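> Structure in structure tokens, see below.
The values are calculated or read from the model by the stated rules, or taken from the named source; none is laboratory data. Since we're looking at a predicted model, the values are computed, not measured. Using ideal geometry, Cβ is built from the backbone for each residue, glycine included, and neighbour counts are taken over all protein chains shown. Protein only, heavy atoms only, side chains kept; ligands, DNA and RNA dropped before computing areas. Shrake-Rupley method; radii C 1.70, N 1.55, O 1.52, S 1.80 Å.
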2 protein chains.
Amino acid sequence: MQIPNEATLETSGRSLRIERAALHDQIVQRLHDLITEGELKPGERINERELAGRLDVSRTPLREALRVLAAEKLVTISPNYGAFVTRMTRREIQDAFELMSKLERFSGELACERITSEELETIRGVHEAMMAHWQQQNLPGYYHANQQIHDLINQAARNDALRQTYLSLNRRLHPLRLSSNRSDTKWRRAVAEHEQMLTALESRDGDTLGQLMERHLLEKRDAVLADWRDEA
Amino acid sequence: MQIPNEATLETSGRSLRIERAALHDQIVQRLHDLITEGELKPGERINERELAGRLDVSRTPLREALRVLAAEKLVTISPNYGAFVTRMTRREIQDAFELMSKLERFSGELACERITSEELETIRGVHEAMMAHWQQQNLPGYYHANQQIHDLINQAARNDALRQTYLSLNRRLHPLRLSSNRSDTKWRRAVAEHEQMLTALESRDGDTLGQLMERHLLEKRDAVLADWRDEA
DNA sequence: GTATTGTTTTTTGCATTCATTACGCAATAT
DNA sequence: ATATTGCGTAATGAATGCAAAAAACAATAC
């Protein structure tokens, strides 16, 4: 039994291997979409055989995908019992947003230290597009631009562990964020805060930006929790 | 520090289901141990068939376990190529410690708000045990107590999302932390910092404790990075 | 009518089998 | 000697089959 060459993968020079997505990875992606789009609802039981049929794959890669999603807490698996779309409790939502607010703050602080002027320009562009969406009362467009800005700031922070953690938390919270229908006054306020954030970022004022972003997300938390019913 | 098994089913009333650990969850646990103990070394290839034989299970649950560990970034999977124990780059280590330092800070801040006097007493007990280990130059005992303290503070913060993220990062960094052989002066310094931390915690001074814990971990980062060679 | 027990049916968990892909080595050409 | 091509082997990926566990249902006792 011979051990194959490991050099091809991870030598200092990055490998050129093209990695066709494996089926189970595609399934992870697909299930993630189904969950965030609400096609699979929180608390809903996932029948392996039925879902495998629906996705036209066998149970094996589906099960692998479910385990991955369980590790990300998007689904909850109870041994010998079944898999469910995770339903977060009020407390879990609160905790997650609290943590998220700190991650946002950290992102902002680091981004002010590390952002390039090109990145800054990009963000300004998206920011202006977001403003346009706001004036047209285009909520989906606004949300998209909004997410994009936070993501760009996160990227500018240049800390991959932070980014991964942020994205993972975001995946879990994303469905909730959409459902929080904000009043016009709250929307106006959020927009104003984003203006401040951009100003702070452009002057590389990490403390201010960090505080703004943290507070911004805590307000988001309050908005989501206010809307949230404890379906027992 | 346990990985798997959402204990209860998610109805409001907690379920009484007993959940015998599924095989693949046991494997996750076992592999995690093998990795942190250095039995499986970073960069090492994982041959599914061989490892399955070694653990006396079939490839199916082993593969499920590998996917879970990949989601936690403890192993790296390259499609159609194989699984490897993740080898972190210097930059990834740096990023992870930086994030960890912020999580520690947040833990400290929250713990000061939420800790009970019982918990405080427990921590003081472990702290004194740690001091005893120090005076006896018992490094393993010291490390264990040290980890325990950080974990207890984390628990006292009462934010599960924070706790999960902290534990996940800790799993990835744990092997590294051991390998950083500290000088006696550094050890003495760390001990002194822990004294300060306990004082801050007992007086519920969140700002001070947060700063101490953040700095404490950044020093750890420097110690680890100083020892770390970029094996190409 | 309710509760309990026994039976059937469904579903999950794991092992095995088959297919596909990539590696390693030898043969060949340059 | 080096590079390239082709083939055999060994790895991973996915599907199927089978056993175990749980849920649903029916029958019985009270």
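> Just the residues that are away from every other protein chain (no Cβ under 14 Å), assigned to a loop (DSSP other than H, G, I, E, B) and buried (at least 16 other Cβ atoms within 10 Å of the Cβ), please, taken from the range B:19-63. Can you show your working first?
Just the residues of the range B:19-63 that are away from every other protein chain (no Cβ under 14 Å), to begin with: B:30, B:33-39, B:55-57.
The next check asks that each one be assigned to a loop (DSSP other than H, G, I, E, B); those that pass are B:37-39, B:56-57.
The one that is away from every other protein chain (no Cβ under 14 Å), assigned to a loop (DSSP other than H, G, I, E, B) and buried (at least 16 other Cβ atoms within 10 Å of the Cβ): B:V57.
> Here are the criteria: (1) open to solvent by less than 20 Å² (accessible area, probe 1.4 Å); (2) over 30 Å from B:V75 (Cβ atoms). Tell me which single one B:D205 does not satisfy.
(1)
> Now for a separate question. What are the residues in the range B:84-95 that are within 16 Å of DNA strand D (Cβ to nearest atom), open to solvent by less than 20 Å² (accessible area, probe 1.4 Å) and within 15 Å of B:R171 (Cβ to Cβ), if any? Can you show your working first?
First pass over the range B:84-95, keeping only residues within 16 Å of DNA strand D (Cβ to nearest atom): B:84-86.
Restricting the remaining residues to those that are open to solvent by less than 20 Å² (accessible area, probe 1.4 Å) gives B:84-85.
Answer for the range B:84-95, where residues must be within 16 Å of DNA strand D (Cβ to nearest atom), open to solvent by less than 20 Å² (accessible area, probe 1.4 Å) and within 15 Å of B:R171 (Cβ to Cβ): just B:V85.
> Name the residue, out of A:E119, A:E109, A:E104, A:E98, that is open to solvent by 10 Å² or more (accessible area, probe 1.4 Å), touching a residue at least 60 places away in the same chain (Cβ under 8 Å), in the same structural domain as A:Y166 (by TED's automatic domain parsing) and touching a helix residue (DSSP H, G or I) at 6+ places or on another chain (Cβ under 6 Å).
On the way: A:E119 fails: touching a residue at least 60 places away in the same chain (Cβ under 8 Å); A:E104 fails: open to solvent by 10 Å² or more (accessible area, probe 1.4 Å); A:E98 fails: touching a helix residue (DSSP H, G or I) at 6+ places or on another chain (Cβ under 6 Å).
Result of the check over A:E119, A:E109, A:E104, A:E98: A:E109.
> Would you be able to say whether some residue in the range B:170-182 is farther than 17 Å from B:H32 by Cβ, assigned to a helix (DSSP H, G or I) and without any contact (Cβ under 8 Å) to a residue 60 or more places away in the chain? Break it down stepwise before answering.
Of the range B:170-182, the ones farther than 17 Å from B:H32 by Cβ are B:179-182.
Within this subset, residues satisfying the condition of being assigned to a helix (DSSP H, G or I) are B:179.
From the residues that got through so far, the ones that are without any contact (Cβ under 8 Å) to a residue 60 or more places away in the chain too are B:179.
Checked the range B:170-182: at least one residue is farther than 17 Å from B:H32 by Cβ, assigned to a helix (DSSP H, G or I) and without any contact (Cβ under 8 Å) to a residue 60 or more places away in the chain.
> Also, I was wondering about something else. Can you pull out the residues in the range A:71-83 that are near DNA strand C (Cβ under 10 Å from one of its atoms) and surrounded by 21 or more Cβ atoms within 10 Å (Cβ to Cβ)? Steps first, answer last, please.
Here is the first cut: in the range A:71-83, the residues near DNA strand C (Cβ under 10 Å from one of its atoms) are A:77-83.
If the condition is that a residue be near DNA strand C (Cβ under 10 Å from one of its atoms) and surrounded by 21 or more Cβ atoms within 10 Å (Cβ to Cβ), then A:I77, A:A83 are the ones that fit.
> Just need a number here: residues in the range B:183-207 that are of a type in the set (V, I, T) and in contact (Cβ under 8 Å) with a residue 12 or more places away in the chain. If you could, list the steps in order and put the result at the bottom.
At the first step, the residues of the range B:183-207 found to be of a type in the set (V, I, T) are B:185, B:191, B:199.
From the residues that got through so far, the ones that are in contact (Cβ under 8 Å) with a residue 12 or more places away in the chain too are B:191.
The total comes to 1.
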